[in-house]
Amino acid sequence: MRVLVTGDRGYIGAVMVPFLRAAGHSVDGLDTGLYEGCDLLGGPDPIGDRAPRDMRDVTARELEGYDAVVCLAALSNDPLGNLDKAATYSVNLDGTLNVAQAAKDAGVERFLFASSCSLYGAAGSEAVGEDAEMFPVTAYGETKALAEQELSKLADDTFSPTYLRNATAYGASTRLRLDIVVNNLTAIALTSGQVRLESDGTPWRPLVHIEDISRAFLTVLESPRDVIHDEAFNVGRSEDVVQVRDIAEMVREAVPGSTLSIAEGAGPDLRNYKVDFSKLNDTFPELQLQWTVRKGVEELYDAYQRHGLTLDDFNSAQFVRLRRIQQLLGAGLVDGQLRRQTDGQFPGPKEMQ
Ligand SMILES: NC(=O)c1ccc[n+]([C@@H]2O[C@H](COP(=O)([O-])OP(=O)(O)OC[C@H]3O[C@@H](n4cnc5c(N)ncnc54)[C@H](O)[C@@H]3O)[C@@H](O)[C@H]2O)c1
């Protein structure tokens, strides 16, 4: 298939694009390049070989000839949503809907939307399936819920959106992120010797490795239309719905000499939910997700050691989305809606310190 991946220069895209190509698909990317230079161990191809493109400006003409669009592009976590709710809505909702409408107008038949289990929000103690009500507790979660509802209105005989509600991701990527829990705790443990919890460790988190996310997207891409048309799937493994303190314990065991500490006065985190993944398993019995959190922690530890990750890296804008965006905003390289203000390459995060 000819596939366009938006947000291909991000954390998941850097793993998913080679994964889809290895399965024989022809894949192009589209990205505004917010995280150019934020690389671990080499990084993706420099954006220099392709002009940055904002998905809010994409037209149907640019999407002609594709069989599918995979929409990863987003402001992709809760702290970014808190920084500026309007920017999060502009990118995650308006941008997604613009690409989807352009895809539909261009005759692209499939649209795989990277949604998130965070749209379930504070869902309580029962594991939630796809029919559960959405209770997003952040702007980011709200945009994912609203985007799904609006995309569903575009679904018809010629256009099949699918909503892949990913659990919180983990795993090594050349466009590493340290603002997600497994990656974060492993990095702190390695660079400071402490596995430090900012919440009391009781919240439940569903987790999934980024290669397994890529595996699920590939399966949806290649499945018959009637199986995936206007359907939502939670993406993850029931074995990897764990409490944050379990993750901390796995990290402590994997990082020699590290100790576990809980921040004084820490309470529980609002984001607390268990997720049921049986629809994914029942619909796609051939799909075998292969990673465990423990294996992922070991992979990360190894990648960080090879890169020589330091406490300075950890505190810099290199691997933390919010800090990088604040850097770009401060230098006027993007405006308040996070639109690029230059056609040239952004300076890397270290050059801007
Ligand atoms: N990482 C997770 O834990 C997780 C969990 C569930 C869902 N998701 C979803 O998966 C997708 C990918 O996540 P990620 O972790 O790779 O995010 P990321 O922030 O690493 O990458 C997102 C990419 O989108 C690009 N982008 C942002 N705004 C754009 C715009 N207006 N036009 C074009 N490109 C733009 C950025 O430059 C970046 O390369 C997101 O939609 C995210 O919400 C991620």
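The values are calculated or read from the model by the stated rules, or taken from the named source; none is laboratory data. These numbers were taken from a predicted model, which means no experiment stands behind them. All Cβ positions, glycine included, derive from the backbone under ideal geometry; neighbour counts span all protein chains shown. Calculation scope for accessible area: heavy atoms of the full protein, side chains included, ligands and nucleic acids excluded. Shrake-Rupley method; radii C 1.70, N 1.55, O 1.52, S 1.80 Å.
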>> Using only the alpha-carbon atoms of region 45-197 as identical scatterers, what base-10 log of I(q)/I(0) does the Debye formula give at q = 0.10, 0.15, 0.17, 0.20 Å⁻¹?
In response: -0.43, -0.90, -1.09, -1.31
> What full-extension length gain, to one decimal in nm, is calculated for residue 192 and residue 98 as 0.36 nm per residue of separation minus the Cα-Cα distance?
Replying inline: 29.5 nm
> What's the carbon and sulfur percent of the chain's accessible surface, probe 1.4 angstrom, rounded to a whole number?
Replying inline: 47 percent
>> I'd like the projected area of the chain, averaged over all directions, using the convex hull of its alpha carbons. Report it in nm² with one decimal.
In response: 16.4 nm²
> Where only protein heavy atoms count, and the probe is 1.4 Å, what is the accessible area per residue for the chain in Å²?
Replying inline: 40 Å²
>> Below 20 Å, Cα to Cα, which lysines can residue 144 reach? Residues fewer than 8 away in the same chain don't count.
In response: 85, 104, 153, 274, 279
> If you keep only loop residues by DSSP, which GluC sites (Glu not before Pro) in region 247-353 have at most 14 other Cβ atoms within 10 Å of their Cβ?
Replying inline: 264, 286, 351
>> With both bridge residues required to lie in region 51-192, what share of the DSSP beta bridges run antiparallel, to the nearest 5%?
In response: 10 percent
>> How large is the accessible surface of residue 335 in square angstrom, using a 1.4 angstrom probe and rounding to the nearest 10?
In response: 50 Å²
> If amide H atoms are built 1.01 Å from N in the plane of the peptide, which residues on other chains or at least 5 residues away come under 5 Å of the amide H of residue 197?
Replying inline: 261, 262, 263
> Taking 0.36 nm per residue of separation and subtracting the Cα-Cα distance, what length does fully extending residue 342 through residue 135 add?
Replying inline: 70.7 nm
>> Can you classify region 200-353 as rounded, prolate or oblate using the Cα gyration tensor, where a ≥ b ≥ c are the square roots of its eigenvalues, rounded means a/c under 1.5, and otherwise it's prolate if a/b beats b/c and oblate if not?
In response: oblate
> With θ set to phi - 60° and the Karplus curve 6.51 cos²θ - 1.76 cosθ + 1.60, what are the ³J(HN,Hα) couplings of region 315-322 in order, to the nearest whole Hz, using x for Gly and Pro?
Replying inline: 8, 8, 7, 4, 10, 10, 3, 4
>> Just to confirm my numbers, what's the Cα centroid distance between region 296-353 and region 211-244 in Å?
In response: 29 Å
> Taking the DSSP beta bridges in the chain as the whole, what percent of them are antiparallel, to the nearest 5?
Replying inline: 15 percent
>> If amide hydrogens are placed 1.01 Å from N in the peptide plane, which non-local residues have theirs closer than 5 Å to the one on residue 243?
In response: 205
>> Among 290, 82, 204, which residue has its Cα furthest toward the positive end of the charge dipole of the chain, with +1 on Lys/Arg Cβ and -1 on Asp/Glu Cβ?
In response: 82
